[in-house]
2 protein chains.
Amino acid sequence: MNKKAIVLLSGGLDSATSGAIALKEGYDVIALSFRYGQRHLKELEASRNVAEALGIKEHYIIDVNLSLWGGSSLTDATMNIPKDGVKADEIPSTYVPGRNTVFIAIALSLAEAKGAEAIYLGINAVDYSGYPDCRPEYLTAFQNLANLSSKVGIEGKSPQLIAPLVTLSKVEIVQRAIALNVPIEKTWSCYQGGETPCGVCDSCRIRNKALIDAGYPELAVVK
Amino acid sequence: MNKKAIVLLSGGLDSATSGAIALKEGYDVIALSFRYGQRHLKELEASRNVAEALGIKEHYIIDVNLSLWGGSSLTDATMNIPKDGVKADEIPSTYVPGRNTVFIAIALSLAEAKGAEAIYLGINAVDYSGYPDCRPEYLTAFQNLANLSSKVGIEGKSPQLIAPLVTLSKVEIVQRAIALNVPIEKTWSCYQGGETPCGVCDSCRIRNKALIDAGYPELAVVK
């Protein structure tokens, strides 16, 4: 039996690349996605297409409706998604309180139930939106918690949190994605709920700039 | 405006007592319960009755279906609930992988969105079922994670995890519940999905023994 890994698959470029890396490392991959009340539900359709394209056969999509209490422009339709460009040293309104903590906690549950030894995360902390729950020190603290929280942790077999992109620039992530045949055209990064990417939200801006800088302007959608 | 606290309210005796303590401390309480695929869904009805009896007006019940992957006799109907008594030094099959980590993560999201400064947990580590995610060192690790994970954490205003029962015996918890007028008869602890408590699962045994030892045998349901 192959070793197993859980891959958090949002449907975006980063998590698809993280999934491709887990597959290349030889893991049997179980994908995990979340319907958390996000306005860009389209990313779940993308996560299914990406999982299929990568040959991942087991894929859970779980409901955990963080929009019940909002607190973010991603989950509260009465707030606007910022479109004036990424601000340095500012946590934007698209920050969703507790989101990554909730997602990783659920991944730990799935990993323990399935006997998976790793959890792959698409988190990166170089060209990103400034979210506190994307930093390496956050992941270290979560690993410590994971080791204490579970039956497998007590047995010294806690799943390892692996963030293969955490120190890469977005251009380097694009290069890894291309090298691993990630179907970039099937991924979805835009925060808006439209039929096509808006081109001006932080997520579109960061993605498009990286695709252009890496030499793949034909993959960028800029309006 | 009063200070706010989130109270994790399972519908059982411990969480009801923890909620009554938060109210006595002067917090405006927001209750949080989970439909996580547990066979004893009756506890959610109890959580509503307890919230009403304690005068808690804001109560979220959120779906997060951990039974999608099972791994516990509480969430997998094909497994049996143990009924032969509490075993020392053994984690029982009623342990749900990642459950408390998922619950506390979701509570952190709610706390940040609502501006709550505390999260009250009914966890106790004296007379309990031996779950790893009920120990004080687990809570310390989670507090460390909470401080790093969020916008409010970075601002030094992370919600505090408070487990007022963690070092109390179950008899002491009953005594606190009585002193605070917790409606013990409205709480539900049994792991089985029956109409009345089974009396023989670990949760019933621990509860009944404590009620009898504390001098309230009329509140115990023993078959």
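The values are calculated or read from the model by the stated rules, or taken from the named source; none is laboratory data. As the structure is a prediction and not an experimental result, all values here were calculated from the model. All Cβ positions, even for glycine, are placed from backbone atoms using ideal geometry, and neighbour counts span all protein chains on display.
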Close pairs (6 angstrom Cβ cut-off, 6 or more residues apart or separate chains): touching a residue at least 40 places away in the same chain (Cβ under 8 Å) and at the interface with chain B (Cβ under 7 Å from one of its Cβ atoms) in region A:147-162, part of a helix (DSSP H, G or I) and among the aromatic types (Phe, Trp, Tyr) anywhere: A:SER149/B:TYR138
Selection from region B:61-73 of residues that are surrounded by fewer than 21 Cβ atoms within 10 Å (Cβ to Cβ) and in contact with a Ser or Thr (Cβ under 7 Å, 6 or more places away or on another chain): B:ILE61, B:SER67, B:SER73
Restricting region B:63-82 to residues that are hydrophobic (A, V, I, L, M, F, W, C) and either touching a Leu at 6+ places or on another chain (Cβ under 7 Å) or part of a loop (DSSP other than H, G, I, E, B) (or both), the residue that is farthest from B:SER93 (Cα to Cα): B:VAL64
So B:ALA125, is it of a type in the set (A, V, I, L, M) and under 23 Å from B:ASN2 (Cβ atoms): no
Filter result for B:TYR95 (over 20 Å from B:ALA5 (Cβ atoms), of a type in the set (Ser, Thr, Tyr) and outside any helix (DSSP H, G or I)): yes
Every residue from region B:56-80 that is more than 18 Å from B:LEU13 (Cβ to Cβ), away from chain A (no Cβ under 14 Å) and not polar (S, T, N, Q): B:LYS57, B:ALA77
Positions within region B:63-90 being under 21 Å from A:LEU108 (Cβ atoms) and of a type outside the set (Gly, Ala, Ser), in sequence order: B:ASP63, B:VAL64, B:ASN65, B:LEU66, B:LEU68, B:TRP69, B:LEU74, B:THR75, B:ASP76, B:MET79
Matching residues in region A:110-160 - criterion: being part of a loop (DSSP other than H, G, I, E, B), under 30 Å from A:ARG205 (Cβ atoms) and not basic (Lys, Arg): A:LEU121, A:GLY122, A:ILE123, A:ASN124, A:ALA125, A:VAL126, A:ASP127, A:TYR128, A:SER129, A:GLY130, A:TYR131
Looking only at region B:121-141, and only at residues there that are out of contact with any Leu (no Cβ under 6 Å at 6 or more places or on another chain) and among the aromatic types (Phe, Trp, Tyr), the one that is farthest from the other protein chains (Cβ to nearest Cβ): B:TYR128
Every residue from region B:24-60 that is touching a residue at least 60 places away in the same chain (Cβ under 8 Å), surrounded by fewer than 20 Cβ atoms within 10 Å (Cβ to Cβ) and part of a helix (DSSP H, G or I): B:LYS24, B:LYS42, B:GLU45, B:ASN49, B:ALA53
Tally of residues being assigned to a loop (DSSP other than H, G, I, E, B), buried (at least 16 other Cβ atoms within 10 Å of the Cβ) and over 15 Å from the mean Cα position of the chain (by Cα) across region A:170-192: 1
Number of positions in region A:74-103 that are surrounded by 14 or more Cβ atoms within 10 Å (Cβ to Cβ), more than 21 Å from B:PRO159 (Cα to Cα) and modelled with pLDDT under 85: 1
